[in-house]
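Participant: What follows is a structure written as structure tokens; I'll ask about it next.
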Amino acid sequence: MTIITTKKPFEEVLGAIKNAKRLTIVSCGSCAAMCQTGGTEGAKEMADKLEKEGFQITTVIVPEEVCDNRVMKQDFRKIEEDLENTDAILTLSCGLGVASITEVLSKKFPNIPVFIGTNTEFMGMTERIGRFFMRCRGCGDCLLNETGGICPITTCAKSLMNGPCGGMVDGKCEVGKYEKDCGWILIYNRLKELGRLDFFEKLRDPVDWSESGHQREVVWR
Ligand code: SF4
Ligand code: SF4
């Protein structure tokens with residue numbers, strides 16, 4: 001699994017960091033490296049571009065996982081002196097990376113703002129580098145046991161719970177001009193293959209997004 005990120009337009013990044021002169025770049029060595037938005041190469045590309053714009057790059061680090069507070073605590077300990085001379089941090093990671101850095105830095109360096117150079121798209125299934133697909137949205141109430149392993153939340157454009165809508169034509173979805181398969185037809189075909197069309201006939205309540213949308217935590221110790 002990879003958290004899929006894409007690069008923000010460079011002009012947008014410049015706009016965000018315009019009040020900083022000295023920057024530390026924190027570039028994720030895992031998911032963002034896989035997406036070619038971060039990692040060593042992404043960091044170098046960004047550092048070169050920023051230097052051409054007159055920014056001073058104080059330091060660049062490529063932590064294994066920017067979203068892991070424990071990793072960030074260790075890595076920031078090693079560059080504390082550099083952080084004394086940094087106006088801002090530019091993060092090349094998903095949004096979790098910014099949250100992690102902000103949390104880890106907030107006690108010792110509360111005045112250093114943390115900016116992001118990417119857009120976080122979704123958690124993705126990887127077919128190969130450059131081909132990532134949204135197949136789960138982490139709804140917190142997984143239905144895959146009843147849908148033949150195909151997620152209705154992500155494969156149906158409207159996240160419907162009870163079979164195809166009137167916008168399905170020849171197995172294709174009206175959303176996106178009939179270019180993509182209707183998720184519910186995929187589910188139907190898979191359940192038929194498995195001999196479990198009884199699941200297709202089951203009536204389900206609409207998803208209660210108020211339960212699964214916000215401020216979720218899993219804390220088990
Ligand atoms: S139903 Fe879909 S979005 Fe929800 S947990 Fe299962 S795969 Fe993920
Ligand atoms: S056509 Fe199929 S995938 Fe598209 S919105 Fe309707 S049920 Fe969902």
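Participant: I'm trying to understand the selection: among the residues of the stretch 17-33, which are in contact (Cβ under 8 Å) with a residue 40 or more places away in the chain and crowded, with 21+ Cβ neighbours inside 10 Å?
Facilitator: From the stretch 17-33, those in contact (Cβ under 8 Å) with a residue 40 or more places away in the chain are 17, 19-28, 31-32; that's our starting set.
Hits for the stretch 17-33 are L23, T24, I25, V26, S27, C28, C31, A32.
Participant: Taking the conditions exactly as written (under 21 Å from the mean Cα position of the chain (by Cα) and not assigned by TED's automatic domain parsing to the domain that holds C31), does I153 satisfy them or not?
Facilitator: Working: under 21 Å from the mean Cα position of the chain (by Cα): yes; not assigned by TED's automatic domain parsing to the domain that holds C31: yes.
Against the criterion (under 21 Å from the mean Cα position of the chain (by Cα) and not assigned by TED's automatic domain parsing to the domain that holds C31), I153 qualifies.
Participant: Please work out which residue is farthest from ligand 1 (Cβ to nearest atom), limiting yourself to the stretch 107-149 and to residues that are among the β-branched types (V, I, T) and open to solvent by less than 40 Å² (accessible area, probe 1.4 Å). Break it down into steps so the answer makes sense when it comes.
Facilitator: Here is the first cut: in the stretch 107-149, the ones among the β-branched types (V, I, T) are 112, 114, 116, 118, 120, 126, 129, 147.
This time we only want the ones that are open to solvent by less than 40 Å² (accessible area, probe 1.4 Å), so: 112, 114, 118, 147.
Details: I112: 35, V114: 29, T118: 23, T147: 7 Å.
Within the stretch 107-149, the match that is farthest from ligand 1 (Cβ to nearest atom) is I112.
Participant: Got at least one residue in the stretch 73-89 being under 29 Å from E127 (Cα atoms), within 22 Å of the chain's Cα centre (by Cα) and not small (G, A, S)? Explain how you work it out, then say what you get.
Facilitator: Narrowing the stretch 73-89 to residues under 29 Å from E127 (Cα atoms): none.
Scanning the stretch 73-89, I find no residue that is under 29 Å from E127 (Cα atoms), within 22 Å of the chain's Cα centre (by Cα) and not small (G, A, S), so the answer is no.
Participant: Condition (residue is open to solvent by 70 Å² or more (accessible area, probe 1.4 Å), farther than 17 Å from I4 by Cα and either of a type in the set (A, V, I, L, M, F, W, C) or in contact with a Lys or Arg (Cβ under 7 Å, 6 or more places away or on another chain) (or both)) applied to the stretch 78-91: is it met by at least one residue?
Facilitator: Start the filter on the stretch 78-91 by keeping residues that are open to solvent by 70 Å² or more (accessible area, probe 1.4 Å), which leaves 78, 81, 84-85.
If we keep only those that are farther than 17 Å from I4 by Cα too, we end up with 78, 81, 84-85.
From the residues that got through so far, the ones that are either of a type in the set (A, V, I, L, M, F, W, C) or in contact with a Lys or Arg (Cβ under 7 Å, 6 or more places away or on another chain) (or both) too are 85.
Checking the stretch 78-91: at least one residue is open to solvent by 70 Å² or more (accessible area, probe 1.4 Å), farther than 17 Å from I4 by Cα and either of a type in the set (A, V, I, L, M, F, W, C) or in contact with a Lys or Arg (Cβ under 7 Å, 6 or more places away or on another chain) (or both).
Participant: Of all residues in the stretch 187-208, count the ones that are within 25 Å of the chain's Cα centre (by Cα) and surrounded by 12 or more Cβ atoms within 10 Å (Cβ to Cβ).
Facilitator: Of the residues in the stretch 187-208, 1 are within 25 Å of the chain's Cα centre (by Cα) and surrounded by 12 or more Cβ atoms within 10 Å (Cβ to Cβ).
Participant: Residue check: is G176 touching a helix residue (DSSP H, G or I) at 6+ places or on another chain (Cβ under 8 Å) and not in a helix (DSSP H, G or I)?
Facilitator: Details: touching a helix residue (DSSP H, G or I) at 6+ places or on another chain (Cβ under 8 Å): no; not in a helix (DSSP H, G or I): yes.
No, not satisfied.
Participant: Another question, then. Being of a type in the set (V, I, T) and without any contact (Cβ under 8 Å) to a residue 40 or more places away in the chain is the filter here, so list the residues in the stretch 137-192 that pass it. Spell out how you get there, then give the answer.
Facilitator: Of the stretch 137-192, the ones of a type in the set (V, I, T) are 147, 150, 153-155, 169, 175, 185, 187.
If the condition is that a residue be of a type in the set (V, I, T) and without any contact (Cβ under 8 Å) to a residue 40 or more places away in the chain, then T154, T155, V169, V175, I185 are the ones that fit.
Participant: Within the stretch 132-174, take every residue that is among the polar types (S, T, N, Q) and within 14 Å of ligand 2 (Cβ to nearest atom) and give me the one that is farthest from T5 (Cα to Cα).
Facilitator: The initial filter retains those residues of the stretch 132-174 that are among the polar types (S, T, N, Q), namely 145, 147, 154-155, 159, 162.
If we keep only those that are within 14 Å of ligand 2 (Cβ to nearest atom) as well, we get 147, 154-155, 159, 162.
Values: T147: 28, T154: 18, T155: 20, S159: 22, N162: 31 Å.
In this case the residue turns out to be N162.
Participant: Still on this model: Among (1) over 30 Å from T86 (Cα atoms); (2) more than 10 Å from ligand 2 (Cβ to nearest atom); (3) open to solvent by 50 Å² or more (accessible area, probe 1.4 Å), which single condition is Y178 missing?
Facilitator: The failed condition is (2).
For (1) assigned by TED's automatic domain parsing to the domain that holds F10; (2) more than 28 Å from R196 (Cβ to Cβ); (3) touching a helix residue (DSSP H, G or I) at 6+ places or on another chain (Cβ under 6 Å); (4) modelled with pLDDT under 95, each residue gets a yes or a no:
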residue	(1), (2), (3), (4)
N119	yes, yes, no, no
I129	no, yes, no, yes
M134	no, no, yes, no
E146	no, no, yes, no
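Participant: Among residues belonging to the stretch 4-50 that are more than 16 Å from L96 (Cβ to Cβ) and hydroxyl-bearing (S, T, Y), point out the one that is farthest from the chain's Cα centre (by Cα).
Facilitator: Going through the qualifying residues, I end up with T24.
Participant: Is it the case that the stretch 159-175 has a residue that's surrounded by 10 or more Cβ atoms within 10 Å (Cβ to Cβ) and within 20 Å of M125 (Cα to Cα)? Let's see the steps before the verdict.
Facilitator: Filtering the stretch 159-175 for residues surrounded by 10 or more Cβ atoms within 10 Å (Cβ to Cβ) gives 159-165, 167-169, 171-175.
Subset that is within 20 Å of M125 (Cα to Cα): 159.
So far as the stretch 159-175 goes, yes, one or more of its residues are surrounded by 10 or more Cβ atoms within 10 Å (Cβ to Cβ) and within 20 Å of M125 (Cα to Cα).
The values are calculated or read from the model by the stated rules, or taken from the named source; none is laboratory data. These numbers were taken from a predicted model, which means no experiment stands behind them. Here Cβ is always computed from backbone atoms with ideal geometry, including for glycine, and neighbour counts include all displayed protein chains. Keep in mind that these areas ignore ligands, DNA and RNA; they rest on the heavy atoms of the full protein, side chains included. Shrake-Rupley method; radii C 1.70, N 1.55, O 1.52, S 1.80 Å.
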